[in-house]
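The values are calculated or read from the model by the stated rules, or taken from the named source; none is laboratory data. Keep in mind that this is a model prediction, so the values were computed, not measured. Don't worry about glycine lacking a Cβ; one is built from the backbone with ideal geometry, like all the others, and counts go over all protein chains shown. Protein only, heavy atoms only, side chains kept; ligands, DNA and RNA dropped before computing areas. Shrake-Rupley method; radii C 1.70, N 1.55, O 1.52, S 1.80 Å.
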Amino acid sequence: MDEPEDCRRRIAVTTNKTITPRSRRRGPLVFLPLLLLAFVGGYYVFGWFSARSSAAAARAELLREVDDELAKEPVDTSALSRLVARIDKLEDHTSAADLLAAQARIELVRGRPERAFDLFSSVGNQPEASEADRRLLTAILLRRHEAGGTDKAMTEGWLRDAATRALAIAERTGNTNDWFVAWQASVRLDDADAVKRCREQLAAIDAESREARLAAAAAAFRADGPADVLYALRGEFTVVPIELAVMVAMAQLQAGETAAAVTEIEALLNRAPGLIGVRVAAAIVFHVCVLNSQDDAGKQRWRPRRDAQLDWLLENAPPDDKRRETWSQMKQQ
């Protein structure tokens, strides 16, 4: 039997009402907490990134300030101390390579190569160390050797390590500064073949560079030769290389400028007491002062200073150094 028309209408109306999802009507209420959560999360994420960006910018600025201060002549030790205090406040100052490098560079300027080595050796010795890090460790090793030490074998090890590293860096970069450091290390190691190779490389890169001209002047050096070239060359360096300063002192002594030679050599003894070349020059300068003294009082003034250098040389120079006999004879005068 067919249903009445009005009954069918009521069923259709009822059906249409029941198929309307209740969730659709409550949609905004359901998603509102999620929207709030996303907003709060985004706010904190933004704050975290913002804080991290600010910290990175402050760190970069601190390292730039370190570069600026270390570039000054003379350096401001008080400013360096303040920079170290700021570095110490950073959580990773004992582990981050950039902060350890900054601290090591500061310690070198302060005349503390041992402290610089303790801070930075683990970074510079890593296989993945950057070229800048390798250069810094080489500089630290050279400074340790310059300062000298009580253990002869250990100090020689520092120099050999530095020379090996310097040559490897120079080979990779072909850089004038790197070859010059390798030349200095080779001179101090008294490795004639390496010295010649470095000198030739410097000339091949730029024969007119101050580094190439210094290496050439050292190869041709004679104490009684013309000193004007050495004096002019010295004026080209902000920090005069030790090898050049030694030649200048010898030239001054030969020219009869004994007081100037004494001043030069005293500065070198303070700067690099661990170098045989410096000690030899000091022994010669002070020996001339002994010989030039007009009375016993003058001789007694200079003999202890001369003999201190000769004793150091006899103890630290290689056993086969042919100058040993001369040094022993000097002590008798």
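Structure values in brief
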| read-out | value |
| --- | --- |
| Heavy-atom accessible surface of the stretch 272-314: percent carbon and sulfur, 1.4 Å | 53 |
| Nearby aspartates and glutamates by direct alpha-carbon distance to LYS322 (threshold 17 angstrom, same-chain neighbours under 8 apart not counted) | ASP190, ASP191, ASP311 |
| Overall dimensions of the stretch 76-205 as given by Cα atoms, namely Rg and Dmax in Å | 15.7, 48 |
| Share of Cα-Cα pairs in the stretch 67-113 lying beyond 13 Å, as whole percent | 53 |
| Estimated FRET transfer efficiency (LYS299, ALA267; beta-carbon r; R0 22 Å; 0.05) | 0.40 |
| Å² of accessible area per residue within the stretch 197-333, as computed with a 1.4 Å probe and no ligands counted | 52 |
| Estimated D of the stretch 173-308 in µm² per second, where Rh is the Kirkwood radius over Cα pairs and Stokes-Einstein applies at 25 °C, 0.890 mPa s | 155 |
| Rel. contact order, % - alpha carbon contacts under 8 angstrom, at least six apart, the stretch 178-333 | 14 |
| Relative contact order computed over the stretch 246-328 (Cα-Cα under 8 Å; 6+ residues apart), in percent | 23 |
| Order by protection proxy (mean Cβ within 10 Å, highest first), peptides 234-244, 133-143 | 133-143, 234-244 |
| The stretch 196-269: radius of gyration over Cα atoms, expressed as a fraction of 2.2 N^0.38 Å | 1.12 |
| From the C-alpha gyration tensor of the stretch 256-333, square roots of 5λ in Å | 20, 16, 9 |
| Nearest-0.05 FRET efficiency for ALA204 and ALA255, computed from C-beta distance (R0 51 Å) | 0.95 |
